[in-house]
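These notes are about the structure you will find just below.
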Amino acid sequence: QVQLVESGGGLVQAGGSLRLSCAYSGDIFSPYVLGWFRQAPGKQRELVVTDSSVGATAYADSVKGRFTMSRDNAKKMVYLQMNSLKPEDTAVYYCRAHLIGGDYWGQGTQVTVSS
């Protein structure tokens, strides 16, 4: 069983930066896909970035060049560095682990970008 807990959200002005963290418990074995998703009010949840065990990282066009996903396996942490934030980045951000055993989601962390 894997549990995910996000943190690091908050209120930031446009052009600012935030780093989201996702702490996971349990073990994540290959094959897997880790990722960040977001859901804005009244909209469907959308992919921000995914990273697979085969080394393929995919970013949504809307965040390319601004967001960077990274991991610290020793600390069991996944990060999302968000730079040059825009008001349209406002959403609840979720960490997700897609494993053979199933799909696991965190509870989400709110990011609000003011103009």
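The values are calculated or read from the model by the stated rules, or taken from the named source; none is laboratory data. For clarity, every value in this text was computed on a predicted model and none was experimentally measured. Here the Cβ is made from the backbone with ideal geometry for all residues, glycine too, and neighbour counts use every protein chain on show. In case anyone asks, the SASA skips ligands and DNA or RNA and just uses the protein heavy atoms, side chains included. Shrake-Rupley method; radii C 1.70, N 1.55, O 1.52, S 1.80 Å.
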Check: Filter segment 2-19 for residues that are in a loop (DSSP other than H, G, I, E, B), surrounded by 13 or more Cβ atoms within 10 Å (Cβ to Cβ) and not β-branched (Val, Ile, Thr); which is farthest from the chain's Cα centre (by Cα)?
Finding: ALA14
Check: Tally time: how many residues in segment 1-33 are closer than 16 Å to LYS76 by Cβ and among the basic types (Lys, Arg)?
Finding: 0
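Consider ARG45 carefully, then state whether it is in contact with an Asp or Glu (Cβ under 9 Å, 6 or more places away or on another chain) and charged (D, E, K, R).
Values: in contact with an Asp or Glu (Cβ under 9 Å, 6 or more places away or on another chain): no; charged (D, E, K, R): yes.
The answer is no for ARG45.
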Margin query: List the residue pairs whose Cβ atoms are under 8 Å apart, where the first residue sits in segment 5-16 and is touching a residue at least 24 places away in the same chain (Cβ under 8 Å) and under 15 Å from GLN110 (Cβ atoms), the second is in a strand (DSSP E or B) and basic (Lys, Arg), and the two are 6 or more positions apart or on different chains.
Written below: GLY8/ARG19
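Quick grid of which residues meet (1) open to solvent by 30 Å² or more (accessible area, probe 1.4 Å); (2) of a type in the set (Gly, Ala, Ser):
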site	(1), (2)
TYR32	yes, no
VAL49	no, no
LYS64	yes, no
LYS76	yes, no
GLU88	yes, no
ALA97	no, yes
Check: So which pairs qualify, if the first residue must be in segment 48-66 and more than 8 Å from GLY35 (Cα to Cα), the second must be of a type in the set (Gly, Ala, Ser), the Cβ gap must be under 6 Å, and the two must be at least 6 apart or on different chains?
Finding: SER53/SER30; ARG66/SER84
Note to self: If PHE37 meets every condition in (1) open to solvent by less than 40 Å² (accessible area, probe 1.4 Å); (2) at pLDDT below 95; (3) aromatic (Phe, Trp, Tyr) apart from one, which number is that one?
What the structure shows: (2)
